[in-house]
Amino acid sequence: MGSQKDIKNAFWNWPRKRCCHLTLPICYDITDEMKERAEVESKKREPYIRHHFDVEHYNSFTRNVIGFLGEFAGCVMLGVDWKTNIRPNYFAIDRLDAAYHGKRLDIKTETISEPPFSRVVSRKIHDDEPYGRRLYHTGQASLLKKYDIIVFGAIERLELTDIRKWCPIGWIEADKIRTYPQGQDGPNGIRYPFPAFQVKTSDLSEISELLKLKT
């Protein structure tokens with residue numbers, strides 16, 4: 001039997017088909033070039049960014065890198081050149097991540113351990129179980145007016161050197177975010193790591209619909 005890494009690589013390289021009763025989504029490559037550039041941009045942005053919450057699994061710098069990787073891979077998904085989309089500076093942190101057919105997009109990337117990573121990105125997870133909802137921090141509510149669309153995606157929670165894919169989960173119009181329950185307490189006694197608008201995964205539109213949008 002091959003190594004764990006070989007098994008993981010084989011898993012991701014399978015064509016889109018049913019595996020373990022899940023239909024795998026189309027995910028996008030994260031290249032070494034993207035990682036190198038994400039680290040450079042994270043160092044440039046770090047003095048200007050204020051995180052709204054802390055997590056145990058990644059430090060502030062790595063979280064910045066993850067965010068950039070999501071932006072870069074999201075651009076690839078949209079057919080936008082991720083290199084030319086990089087900002088010249090970060091004096092103002094919160095700006096659209098990408099523009100697509102006249103729509104202003106914010107790309108939110110979370111990391112999720114396996115399990116339940118595959119169930120989340122394949123949208124086979126129930127809204128009312130842990131990781132069943134996509135979280136938009138209430139502290140960023142004032143930024144929603146800057147966007148037309150919020151795209152949610154995920155990366156499997158691994159060491160940075162082992163990360164190879166970004167998977168889109170779905171998208172929603174920015175002005176709908178505020179209609180969802182907010183706070184740290186979720187359904188069935190779930191306690192979220194920060195106060196957030198709790199968007200049901202089942203309510204997200206399919207990425208294929210986003211890619212059909214026209215001006």
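For the cross-link pairs LYS108/LYS165; LYS103/LYS176; LYS35/LYS124; LYS44/LYS145; LYS44/LYS176, which exceed 23 Å when the distance is taken from alpha carbon to alpha carbon?
Working: LYS108/LYS165 15 Å; LYS103/LYS176 15 Å; LYS35/LYS124 29 Å; LYS44/LYS145 26 Å; LYS44/LYS176 32 Å.
Those over the limit are LYS35/LYS124; LYS44/LYS145; LYS44/LYS176.
Derived scalar couplings between HN and Hα for the stretch 182-189 equal 10, x, 8, 8, x, x, 6, x Hz in order, rounded to whole Hz, by the Karplus curve 6.51 cos²θ - 1.76 cosθ + 1.60 (θ = phi - 60°), x for Gly and Pro.
Bear in mind that the values in this text are calculations on the coordinates, not laboratory data. As the structure is a prediction and not an experimental result, all values here were calculated from the model.
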